[in-house]
Structure formats: C-alpha cells, structure tokens
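One structure is given below, encoded as structure tokens.
Read the figures in this text as sums done on the coordinates, not as results from a lab. Only a predicted model underlies this, so the values are computations on that prediction, with no experimental measurement involved. Here the Cβ is made from the backbone with ideal geometry for all residues, glycine too, and neighbour counts use every protein chain on show.
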Amino acid sequence: PGNVSQYSYNLTLAAQYLTAAGFPGGKGLPTIPMAIDSNALSYEEPQAEIIQSELAQIGINTNIVVTLTSQYYTYFGPYSYELQNAKSIPDITFDGSIPYAPDFMTPIDYWSFFVTNYTLFGNYAVYSNPTVNTNVGFMFSSDNTTAILQHLAIAEQQIAQDAPYAWLYDAQLALGAGSYAYNKHVIGGFLA
C-alpha cells in the first residue's frame, strides 16, 4: 500500500554498508549460521547454497546448519517468547517446511504475524517498532478500507526504512505466487 520500491541488488552498496559497520570486506565478522529444516532439504538446501555463495562475494561467511524439524520450530513462538530467547534464534533462517503462503487467508495475518510485537508466531526478526505496531493495529479497530490502507502505507514505509528482514530470495511456489488475500480472482485451483 505504501508503494515502496524493492531493495536493489547492489554489491557495491552492500560492501559500503559492511565497511560502515566496521567489517570492511567482511573482516572481523563471525561466520553466520543459516538454519534449514531437515524436512525441507529438497528446496531449502539449494537455496541456502546460492545465498551462501552470494554472501561470500562481499565477504560474509555462512555455515548451513541442518536442523531437525522438532528442534527447528522451538526457536519461534509469541513475540515475548522470541524476545526472551532472541540469542537462540539463528541469524538466518528459512520459513521451514510449512510455508505460510497457503495457510493464511486474510490480509491482516501477514502484517500481525511478521512485523508486530503482538505476534503469536513468525516474527523471526523479533522486530517491534511503535509506528508499525500502531498502524498495523488500526486494522483491528476499523472497517474503513481507505483508512486501513493509509495506515498500512505508513507501516510499510517504516518497515522498509528499518529493514528488519533481509529478503534473500523469493520462492515462486504454486500456492504462494501472488496474493490471493487481496485478489479473489487469483485462485484457479487447488493442490493436495
């Protein structure tokens, strides 16, 4: 709703950010663990290897850690749980073997789960910004679509500015390609 442009793929800018953070060429930056779910190796492992290779281009080293599904989901829970246990959450993680795209049917779920401090599950970045929380929360108290979109535009701009997530890839899966929550004409069939 905020018409925010996507982040650019710019190795020069990425290198500048690393230098500004005190890690020129990645020097001094510890190896970053990248957790993948053992039940999703068929698609997560090749994606993790591509991400690992691309991050290495600017000096960021990663270690792919295959985690049993029973352990993988213990990292995540309500925002308060994730905040208390933030040090145990892997720095880079995937969505696991149960992607969110097919199971959420309302527009509010994406907003309230990934980027607010009242999430029940899925705020992997343990992200909380009062501007975002207030403007996303507006959806719970209004049925005015125009006003809701105006509030979400503010939230989206704040999220883009804060960049709590590094969206390293965008998988185009059969059920996840496009937002059917906003466009009821997207669904053309179902996969079992």
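General observations
- If R0 equals 30 Å, the separation of the Cβ atoms of Thr19 and Lys87 corresponds to a calculated FRET efficiency of about 0.70.
- Distant-in-sequence amide H partners of Ile32 (H built 1.01 Å from N, under 5 Å): Asn61, Thr62, Asn63
- Cα gyration tensor category, rounded, prolate or oblate, for segment 1-140 with a/c compared to 1.5: oblate
- Long-range HN-HN contacts of Thr119 with modeled amide H, under 5 Å: Tyr79
- Shape class for segment 42-96, computed from the alpha carbon gyration tensor (a ≥ b ≥ c): oblate, with a/c not under 1.5 and a/b at or below b/c.
- Site pair Asn10 and Ser80 shows an inter-label distance of 4.1 nm when each label is modelled 7 Å from Cα along Cα→Cβ.
- Sorted peptide list for 60-70, 150-160, criterion being average Cβ within 10 angstrom, highest first: 150-160, 60-70
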